[in-house]
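K.L.:
Attaching a single structure in structure tokens format; questions to follow.
Just so it is clear, none of the values below were taken in a lab; they were calculated from the coordinates. Keep in mind the model is a prediction, meaning the values are calculated, not measured. Positions of Cβ are generated from backbone atoms using ideal geometry, with glycine treated the same way; all protein chains shown enter the neighbour counts.
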Number of protein chains: 2
Amino acid sequence: MPKVVVLRWGHRQRDERLTTHVALTARAMGAVGIILTDAKDEKIQRTINEVVKNWGGPFFFQMGGPWKTVLKNWRTEGGAVVHLTAYGENIQTSNVIQRIQATEKDLMVIVGSRKVPSEFFSSEVSDFNVAIGNQPHSECSSLAVFLDRLFQGKELFKEFENARLRIVPQKHGKKLFRKSKV
Amino acid sequence: MPKVVVLRWGHRQRDERLTTHVALTARAMGAVGIILTDAKDEKIQRTINEVVKNWGGPFFFQMGGPWKTVLKNWRTEGGAVVHLTAYGENIQTSNVIQRIQATEKDLMVIVGSRKVPSEFFSSEVSDFNVAIGNQPHSECSSLAVFLDRLFQGKELFKEFENARLRIVPQKHGKKLFRKSKV
């Protein structure tokens, strides 16, 4: 299974909640970390640290750094770049996911918070442009479905290390365990 | 395929962007409409109307109405209720999705914007509690993956009626068509 890092482009302060949701989705759906380019947001950093402390890791959250440099480094180290966009190849009706898997490369997945620079669509920046349907919806949803398809659902029973909290799935009701000293 | 209506519980004004993302996800991933219970938000109404006008429908957006009444009516009319929650049965490791499909009922899918009343977990309110992994992440992501699994990806090539705009999927670049008078 490839290692996946999410690149969140275009974050601004007003995007705090959405970017947090994108970061939590990245973690829950199998990515190893998320990079916020060209922006800093200490509040999100604290939220993610808290989630990793309670629910386990590893999962990294990095901020700053121009997107061009981040992507250039990623490619230099042999990774491929996937850009999620409504304009891309439809994940359901094309063979894009199979071609991505066939590269056997680690993946940087770009999600934008607003209209991205047109360069993102070019082969200089993205190896693949993938659409979760060709309708406008949410970068959160696109990221979740993309990762679920890429990892074929296996990300959903991954064990996180050093978790203090653990949910035990229930048909009804809620069951939560908290790690105890022995 | 069952008809799916999303019930968005707990919306407050600060949730405007997230609730909009939830509504757009519901539309793009195959639901026929979304109901905001116990809240009104004209701005979201306008956004959804605009999306339906440009990208096609049908997709309805309703506001107000206490959640108890909405759910009671749904069940009276023969529908089943699915509550998406990190505490539910893991969609990947349980047979919950097969059992949902086996009911052959239309589905109301409840997503909360914050901690929901504990009644939501009981069998009086929800027939099924479903988790997209038992980790905290985003109601947007949960809704997207749930619908993608329920409809087995077929929602992603659905044709919307009366669309004025149409994206043609591209490996690179963007291609958008606007409906023209003949």
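K.L.:
At A:Arg17, label 7 Å along Cα→Cβ: distances to the other copies, nm, ascending?
P.N.:
From this label point to the equivalent ones elsewhere in the assembly: 0.9 nm.
K.L.:
Another one. If r is the Cβ-Cβ distance from A:Arg17 to A:Lys72 and R0 is 41 Å, what FRET efficiency results, to the nearest 0.05? Each step should come with its number before you reach the end.
P.N.:
On the way: r = 30 Å, r/R0 = 0.74.
Rounded to the nearest 0.05, the efficiency is 0.85.
K.L.:
Could you sort out which of A:Lys115/B:Lys174; B:Lys53/B:Lys181; A:Lys105/B:Lys158; B:Lys158/B:Lys181; A:Lys3/A:Lys43 sit more than 20 Å apart by Cα distance in this structure? Intermediate results must be reported in sequence, preceding the final value.
P.N.:
On the way: A:Lys115/B:Lys174 12 Å; B:Lys53/B:Lys181 16 Å; A:Lys105/B:Lys158 31 Å; B:Lys158/B:Lys181 24 Å; A:Lys3/A:Lys43 26 Å.
Flagged as over cut-off: A:Lys105/B:Lys158; B:Lys158/B:Lys181; A:Lys3/A:Lys43.
K.L.:
May I ask you to list the aspartates and glutamates whose Cα is less than 16 Å away from that of A:Lys179, ignoring any residue fewer than eight positions away on the same chain?
P.N.:
Correct list for A:Lys179: A:Glu50, A:Glu159, A:Glu161.
K.L.:
Still on this model: How many nanometers, to one decimal and shortest first, lie between the label point of A:Lys40 and those of its other copies, if labels sit 7 Å from Cα toward Cβ?
P.N.:
Distances to the matching label points in the other copies: 4.4 nm.
K.L.:
A further question follows. Convert each backbone phi in region B:100-111 into a coupling constant with the Karplus relation 6.51 cos²θ - 1.76 cosθ + 1.60 (shift: θ = phi - 60°), then list the ³J(HN,Hα) values in order as whole Hz, x for Gly and Pro.
P.N.:
Values, residue by residue: 5, 4, 5, 5, 6, 9, 5, 10, 9, 10, 8, 10 Hz.
K.L.:
List the trypsin sites (Lys or Arg not before Pro) within region A:135-175 that DSSP assigns to loop and that have no more than 12 neighbouring Cβ atoms inside 10 Å.
P.N.:
A:Arg164, A:Lys175
K.L.:
What are the residues whose amide H is under 5 Å from the amide H of B:Ile34, where those residues sit 5 or more places off or on another chain and H is modelled from the backbone?
P.N.:
Correct list: B:Val6, B:Phe60, B:Phe61, B:Gln62.
K.L.:
Given label points at 7 Å from Cα along Cα→Cβ, what nm distances, shortest first, separate A:Pro58 from the same residue in every other copy?
P.N.:
5.3
K.L.:
Which residues' amide hydrogens lie under 5 Å from the amide hydrogen of B:Asn90, considering only partners 5 or more residues apart or on another chain, with H built in the peptide plane?
P.N.:
Residues meeting the criterion, in which the H sits 1.01 Å from N, are B:Ala131.
K.L.:
Between region A:1-30 and region B:1-23, how many Å separate their Cα centres?
P.N.:
20
K.L.:
May I ask you to list the GluC sites (Glu not before Pro) in region B:118-182 that are in a DSSP loop and have at most 16 other Cβ atoms within 10 Å of their Cβ? Provide the component values of the computation, followed by the final result.
P.N.:
Working: sites: B:Glu119, B:Glu124, B:Glu139, B:Glu155, B:Glu159, B:Glu161; in loops: B:Glu124, B:Glu159.
Listed in order of number, the matching sites are B:Glu124, B:Glu159.
K.L.:
Related question: Nearest the rotation axis from A to B, which residue of chain A has its beta carbon, and at what whole-angstrom distance?
P.N.:
Closest to the axis: A:Cys140, 2.
K.L.:
How large is ³J(HN,Hα), in whole Hz, for each residue of region A:35-49 in order, when computed from phi with the Karplus curve 6.51 cos²θ - 1.76 cosθ + 1.60 and θ = phi - 60°, using x for Gly and Pro?
P.N.:
10, 8, 8, 6, 7, 10, 8, 5, 5, 5, 3, 5, 4, 5, 4
K.L.:
May I ask you to derive the relative contact order of chain B, considering only C-alpha pairs under 8 Å and at least 6 residues apart, and to give it as an integer percent?
P.N.:
Details: 313 pairs, mean separation 51.1, N = 182.
With pairs under 8 Å counted, the relative contact order is 28 percent.
K.L.:
At a 10 Å Cβ-Cβ cut-off, how would you order B:Ser113, A:Ser126, A:Ser142, fewest neighbours first? Provide the component values of the computation, followed by the final result.
P.N.:
Numbers: B:Ser113 18, A:Ser126 25, A:Ser142 28.
Ordered from fewest to most neighbouring Cβ atoms within 10 Å, B:Ser113, A:Ser126, A:Ser142 come out as B:Ser113, A:Ser126, A:Ser142.
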